[in-house]
1. Mind ranking 31, 25 by accessible surface for me, highest first, 1.4 Å probe?
2. Quick one: net charge around residue 51, please, counting Lys, Arg +1 and Asp, Glu -1 for every other residue with C-beta under 13 Å from its C-beta.
3. If each residue of separation counts as 0.36 nm, what is the full-extension length gain between residue 57 and residue 24 once their alpha-carbon separation is subtracted?
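The values are calculated or read from the model by the stated rules, or taken from the named source; none is laboratory data. These numbers were taken from a predicted model, which means no experiment stands behind them. In this analysis, Cβ positions are derived from the backbone assuming ideal geometry, glycine residues included, and neighbour counts consider all displayed protein chains. Just the protein is used for accessible areas: all its heavy atoms, side chains included, with ligands, DNA and RNA removed. Shrake-Rupley method; radii C 1.70, N 1.55, O 1.52, S 1.80 Å.
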Amino acid sequence: MPSSSQTLHMPVSKLIPHARTDQTMCDIVNMGIAVQAAFSTLCALEYLKSYNIDPDLIERVLLQPERRRPSLH
């Protein structure tokens, strides 16, 4: 049991809209964004479709960049 000067804390996770918890998915989506910047939206669309990324996610990521999660880098 903690002493009176100690407290128990539950970890608090900050909610980030559309946060990715799957590193593989994160890498695929980031590569899709890079493909879009280097080539075209159509190329990025085909790249993301080839990995069976959800169409709603593809649309949001490629056509609504203001809705992407903040970069942590």
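1. On the way: 31 95, 25 65 Å².
My answer, sorted largest first, is 31, 25.
2. Values: positive: 49; negative: 22, 27, 46, 54.
Around residue 51, the charge tally is -3.
3. Difference between extended and current length: 10.4 nm.
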